[in-house]
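The values are calculated or read from the model by the stated rules, or taken from the named source; none is laboratory data. Owing to the predicted nature of the structure, the values given are computational and were not obtained by experimental measurement. With ideal geometry, Cβ positions are generated from the backbone for all residues, glycine too; neighbour counts draw on all protein chains shown. These area figures cover heavy atoms from the full protein model, side chains too; ligands, DNA and RNA do not enter into them. Shrake-Rupley method; radii C 1.70, N 1.55, O 1.52, S 1.80 Å.
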Amino acid sequence: MPRLSYRKALNRALADELARDEEVFLLGEDIRVAASNVTAGLLKRFGPERVRDTPLSEQAFTSFATGAALAGARPVVEFQIPSLLFLVFEQIVNHAHKFPLMTGGQCAVPVTYLVPGSGSRTGWAGQHSDHPYSLFAHVGVTTVVPATPADAYGLLVSAIRCDDPVVVFAPAGAMEVRADVDDLAPVPLGRGRVHRAGDDVTVVAVGHLVHDALAVADDLADQASVEVFDPRTLYPFDWDGLLGSVSRTGRLVVVDDSNRSCGIAGEVIATVVERVRLHAPPRRVTRPDGAVLPFAPALDRAVQPGREQLRSAIQHVLKDG
């Protein structure tokens, strides 16, 4: 059973799809030297025509990817910094995402936008530490946040094969995670995963926070049976899977490393309470409203959701119920 890192799983997915389909190519800033290590070795193996460094103009090369996809290619665009997505929101949402819808499906735009190291990287400060996945889920772009090496591989492969644009957020907090992996295979978009079964409370954890949720569930094992649900895809969301879990447990906590207002955590809670009668008011553990992460490491960590906050939220819903 080989041990695989999350970062290497992304690299393997890119290599396998480049080898499988000649229409796949990569583009981004400094990807030939593998600044993020996700594209390491791919230039030597597949050549400069399929591993393309770009000028420092995100709007330009994101638009280029849209045109290439319309012409039949399958580009994968790497963004080294998540806040760069704010610059290209127009190109992704108003162009790539809407072209197939506005033409009645007469065209496809199979572009994958890969963000390795999304979120905080400990001291990368305000302009490098965002987790803006709720923006893309809001407008209906397929949005993926893998938590494990196997899911990083499988969801990236499925994203590249998808005929619609897909944004893949690879959290900084998960990049160094390692796991024993028997088999690497595509993971269907829009299907969540229960990492740990439980009876007393459902914890929905996004991305790297799955590992924190599992650790807290272990710590509380003598007090409560905690189910940990990983949505994996934030849009389309696996509501059937989550509602099945919450219908059994009757309690809900959501932990999400993005800002509180208008975030995924609020959407999950709103949708669940519309459909399920809970035993206790739900709780969410997030960054504060309008959070901008500071440079100082201690302040950086203080702004992010942590295990103590999650433990407290779980204990509150158990007590309130």
If each residue of separation counts as 0.36 nm, what is the full-extension length gain between V33 and R45 once their alpha-carbon separation is subtracted? 3.0 nm
Sequence-distant or interchain residues sharing an amide H contact under 5 Å with D30, placed H: which? T54
Can you send over the solvent-accessible area of M175, 1.4 Å probe, protein chains only, in Å² to the nearest 10? 10 Å²
When the Karplus curve 6.51 cos²θ - 1.76 cosθ + 1.60 is applied with θ = phi - 60°, which whole-Hz ³J(HN,Hα) does each residue of the range 220-234 get, with x for Gly and Pro? 9, 4, 7, 10, 7, 9, 9, 9, 10, 10, 10, x, 6, 10, 8
Tally Lys and Arg at +1 and Asp and Glu at -1 over the other residues with C-beta under 15 Å from the C-beta of V272: what net charge comes out? 0
Between R196 and residues 5 or more places away or on another chain, the pairs with built amide H atoms under 5 Å apart involve V228
Just order 221-228, 195-202, 296-303 by mean Cβ neighbour count inside 10 Å, highest at the front, would you? 195-202, 221-228, 296-303
Taking a ≥ b ≥ c as the square roots of the eigenvalues of the Cα gyration tensor, with a/c under 1.5 meaning rounded and otherwise prolate when a/b exceeds b/c and oblate if not, the range 3-137 is oblate
What aspartates and glutamates sit close enough to K319 to cross-link, taking a C-alpha to C-alpha distance under 19 Å and skipping anything fewer than 8 places away on the same chain? D199, D200, D218, D219, D222, E227, E308
Distance between modelled label sites at C262 and D218, nm, 7 Å Cα→Cβ extension: 3.8 nm
Taking K44, K98, K8 and ranking on accessible area (1.4 Å, protein atoms only), highest first, one gets K44, K8, K98
At R0 = 41 Å, FRET efficiency that the Cβ-Cβ distance of R20 and R307 yields, to 0.05: 0.55
Run the simple label-point estimate for A197 and R52 please: 7 Å along Cα→C-beta, distance reported in nm. 4.9 nm
Could you work out [θ]222 nm for the chain from helices alone, using -39500 (n - 2.57) per DSSP H run of at least four and dividing by all its residues? Round to the nearest 500 deg cm²/dmol. -10500 deg cm²/dmol
Tell me, how many Å apart are the Cα centres for the range 202-226 and for the range 18-72? 37 Å
A 1.4 Å probe over the protein heavy atoms gives the range 129-237 a carbon and sulfur accessible-area percentage of 42 percent
For the chain, calculate the relative contact order in percent as a whole number, restricting contacts to Cα pairs under 8 Å that are 6 or more residues apart. 16 percent
Computed over the range 12-136, protein heavy atoms only, probe 1.4 angstrom, the accessible area per residue in square angstrom equals 43 Å²
Long-range amide H partners of A170 with built H, under 5 Å: V115, G117, S118
Along Cα→Cβ, 7 Å out, is where each label goes; now give me the distance between the ones at A280 and D163 in nm to one decimal. 4.7 nm
